[in-house]
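What follows is calculated from the coordinates using simple rules that are stated; it is not laboratory data. Note that the coordinates shown come from a computational prediction; the quantities given were computed from them, not determined experimentally. Methodologically, a virtual Cβ is constructed for each residue, glycine included, from the backbone with ideal geometry; neighbour enumeration extends over all protein chains shown.
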Amino acid sequence: MEDKLERLAYSPTEAAAAAGVSRPTLYRWMHMDGFPVARLGGCTRIPARAFEAWLNRQAGVHADA
């Protein structure tokens with residue numbers, strides 16, 4: 001049986017696909033204050049959980065504490 005690892009981060013292209021938006025839209029979001037982006041060396045990654053939380057905040061969805 002194969003273990004499936006949880007996705008920790010997306011490339012910008014993967015994040016755009018996950019959110020169902022175009023790459024140009026994702027790149028615009030990356031320049032917004034508060035958007036979760038990590039630049040590691042020459043790689044740009046979007047942390048998966050932080051991205052989901054950011055999307056929820058933009059949509060006005062609040063997680064129950």
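Couplings 3J(HN,Hα) for segment 41-48, derived from phi with the Karplus relation 6.51 cos²θ - 1.76 cosθ + 1.60 (θ = phi - 60°), are x, x, 9, 10, 10, 10, x, 4 Hz, where x marks Gly and Pro. For the chain, a crude dipole built from +1 on the beta carbon of Lys and Arg and -1 on the beta carbon of Asp and Glu, taken about the Cα centre, is about 300 debye to the nearest 20.
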